[in-house]
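Below: one structure, written as structure tokens.
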Amino acid sequence: MSYAPDGQQYQPYRPQGQSPQPPYGDQYGQPYGQQPYGAGGGQQQPPGRPQPPYGQQPQYEYEPQDHQGYQEPPEPPRRKSRGRRWVIAGATVLALAGIAALVMNHYEIPPFTDKGSAVSFGQPSAGGGGKKNDAPQQAANSKMLMPTGPAADFKNSMTLPDGTHVAVTTLDGKKSGFKGKVWVWAPKEYNDPKFAKSGFPVMIALPGGAGYPSNYWMGTDLGLQTSISKWYAEGKSKPFILAMPVLNPAPDDKGIYWDGSDIPGQPKMGTWLTEDVPDLMKANFRTVKSRDGWAFMGSSTGGFAGLKAVLKHPDKFKAVIASGPDVVPDSSLWKGHEKEKAENNPEVLAKQLIDSKGPDVYLAFQVGDSENNKKTLPDVQKFIATYGNKGPIHTELRVIKGGQHNAKTYVPNMGEGPVQFISKVMEGPVE
């Protein structure tokens, strides 16, 4: 399932260069219509000369010794012309400087942007800018987990209009052995003094397609971060902290992907997503101790990986929003590893969870009725009919009318059902 949904790769707008135009005028710097005779083709008649008949050009003879009658008009004062040129030159420089500033800001080049600045999310920064004792002390019976440390070296990736930051760090996964980037975002409530002793729920957001070298949810063009803030204000959603890791260890340009799993002989992407990334969030944020504050969301390949993670680790994660997902593993890398493949199959995992009467999990699906893969909707419907709302498995399906296989379809519709479905059963902020 390596299809990359449309409209999900962030492509920054590249403005074309513009050169400011000087004011219209003649070669002397005087406005049109006020040129001296003889400069620029003006038709003023010199004084003291007879007018020729209509339709004829005037005939004049200029002799050096003739000092009476018409005199050549004086040359415009040089000081005034130079002054005008200096004004034009100054305006040009200012215009070019303004254009340069806009370009540097757009492409996030210091000092016109704060991209690359250290971000600590209210905790002592990795550079040692704060004291450990500055953090509020945790009560013994608290549902909140204080940051465990060590603090990661987060750098600002972008600043949103509400002042919140999307930051990025390179995580060296201790349990998976995989090293990759993770983008994080916390809602403005996280730094609100009234929530200073509160732990926040975490949503691990997974992209579709390759999911490498970036996670497209980290861009603001899809509006995931602002949507969560909006949904929380409307009472629809928890104020989730977002973790946005890379999904695969390399591009899928050869049709190869890893199913968010530990495939034998391959990087342990399942362990990376379900252990290393959560450990990063616990180290740097006030989170919820129990699984009631941990969820996944994803589209396409990321939807499959999130679905599988919740069913495989119901003791760690309570819910998932899976948009346009496959419901069985289909990576070509599983060849020769059928046992391990079954251990990462959502259908097999769902049956095992029902049989063991395991912890309750909440699976919110959304699928467009115009998906490019015509099997996606019937496959999800069959999964729900077979395993949904049986024992510990609770499911909901939103069919998006006219919806296609892309994140621009999925994000707005998350707020119309799926995010409420999981938010009702999750906790946070908690003390």
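Can you give the convex hull volume of the alpha carbon atoms of region 378-431 per residue, in Å³? Walk me through the intermediate numbers first.
On the way: hull volume 5.6 nm³, N = 54.
Hull volume normalised by residue count: 103 Å³.
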Rg [Å, one decimal], Dmax [Å, integer] - region 214-278, C-alpha atoms | 15.2, 47
Difference of contour (0.36 nm per residue) and Cα-Cα distance, Asp279 to Glu347 = 21.7 nm
Rounded, prolate or oblate: which fits region 317-431, taking a ≥ b ≥ c as square roots of the Cα gyration tensor eigenvalues, rounded meaning a/c under 1.5, else prolate when a/b beats b/c?
-> oblate
Counting other Cβ atoms within 10 Å, which GluC sites (Glu not before Pro) in region 181-288 have at most 15 and lie in a DSSP loop?
-> Glu234
Taking 7 Å along the Cα-to-C-beta vector as the label spot, tell me the Thr170-Glu338 distance in nanometres, rounded to one decimal.
-> 4.2
Keeping the other protein chains in place, figure out the carbon and sulfur percent of the accessible area of region 293-393, with a 1.4 Å probe.
-> 51
Accessible area per residue, Å², region 261-357 with all protein chains present, probe 1.4 Å | 33
What does the highest-first list of 391-399, 419-427 look like by mean Cβ count within 10 Å?
-> 419-427, 391-399
Counting only protein heavy atoms with a 1.4 Å probe and every protein chain in place, the carbon and sulfur fraction of the accessible surface of region 233-281 in whole percent equals 48
Using a 10 Å cut-off on Cβ atoms, rank the peptides 195-207, 403-415 from the highest mean neighbour count down.
-> 195-207, 403-415
Given 173-182, 263-272, 318-327, the highest-first ranking by average Cβ count within 10 Å works out to 318-327, 263-272, 173-182
Per residue, what accessible area does region 365-431 have, given a 1.4 Å probe and all protein chains present, in Å²?
-> 46
Listed residue pairs exceeding 31 Å between alpha carbons, taken from Lys179/Lys341; Lys236/Lys382; Lys282/Lys424; Lys115/Lys174; Lys115/Lys408; Lys143/Lys375 | Lys143/Lys375
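Calculate how many DSSP beta bridges within region 190-335 are antiparallel, expressed in % of all such bridges and rounded to the nearest 5.
Numbers: 1 of 15 bridges.
Taking every DSSP beta bridge within region 190-335, about 5 percent pair in antiparallel fashion.
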If the cut-off is 16 Å between C-alpha atoms, which lysines fall inside it for Lys230, apart from same-chain ones fewer than 8 positions away?
-> Lys188, Lys238
R0 = 35 Å: FRET efficiency of Asn373 with Lys179, Cβ-based, nearest 0.05?
-> 0.60
Classify region 243-359 as rounded, prolate or oblate from the Cα gyration tensor: take a ≥ b ≥ c as the square roots of its eigenvalues, call it rounded if a/c is under 1.5, otherwise prolate when a/b beats b/c and oblate if not.
-> oblate
Amide H neighbours of Met297 at under 5 Å, excluding residues fewer than 5 places away on the same chain, with H built from the backbone geometry, are Ile204, Ala205, Leu206, Ile321
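The values are calculated or read from the model by the stated rules, or taken from the named source; none is laboratory data. All figures in this text were calculated on a predicted structure; none of them were measured in a lab. Quick reminder, even Gly has a Cβ in these numbers, built from the backbone with ideal geometry, and neighbours come from all protein chains shown. The protein model used for the area step is the full one, side chains on, heavy atoms only, and it has no ligands, DNA or RNA in it. Shrake-Rupley method; radii C 1.70, N 1.55, O 1.52, S 1.80 Å.
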